[in-house]
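The values are calculated or read from the model by the stated rules, or taken from the named source; none is laboratory data. No experiment lies behind these values; they were computed from the predicted model shown. Virtual Cβ from ideal backbone geometry, glycine too; neighbours counted across all protein chains shown.
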Amino acid sequence: MQRDPYLNEHLLFSRDEYVAAHSLIMSREKAERFVDETFSEAPPEAEGLPSHLGEDTLDLLSLVSDACAERVRQINGDSDEAARFRREAFRNRLGI
């Protein structure tokens, strides 16, 4: 399926959700620093683009909570089944 061009994922996730997502692959301290440097605002070059987050970032966010997973599913335009498969495949890839 196709991503929804009207969803702005920068506004859909909180700083805490970004930190929780990145804490899955780095220390919380590093995750906080990374998020503050990277996700404080949408980059200017993202203006008018349907998405500026990479697939790995979205996949990390999908592992934070069911609510985050649903928002990622909407951004990606996936069916429920495809989103579950993608989430599990990414979890397996990370070994968590």
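Any residue that is of a type in the set (D, E, K, R) and modelled with pLDDT under 95 - is there at least one of those in segment 22-30? Please lay out each step first, then the result.
Step one: list which residues in segment 22-30 are of a type in the set (D, E, K, R), which gives 28-30.
From what is left, the residues that are modelled with pLDDT under 95 are none.
Checked segment 22-30: no residue is of a type in the set (D, E, K, R) and modelled with pLDDT under 95.
Rundown of residues vs (1) in contact with a helix residue (DSSP H, G or I) (Cβ under 8 Å, 6 or more places away or on another chain); (2) at pLDDT below 95; (3) surrounded by 12 or more Cβ atoms within 10 Å (Cβ to Cβ), yes/no style:
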site: Ala46; (1), (2), (3): yes, yes, yes
site: His52; (1), (2), (3): yes, yes, yes
site: Ser62; (1), (2), (3): yes, no, yes
site: Arg73; (1), (2), (3): yes, yes, yes
site: Arg84; (1), (2), (3): no, no, yes
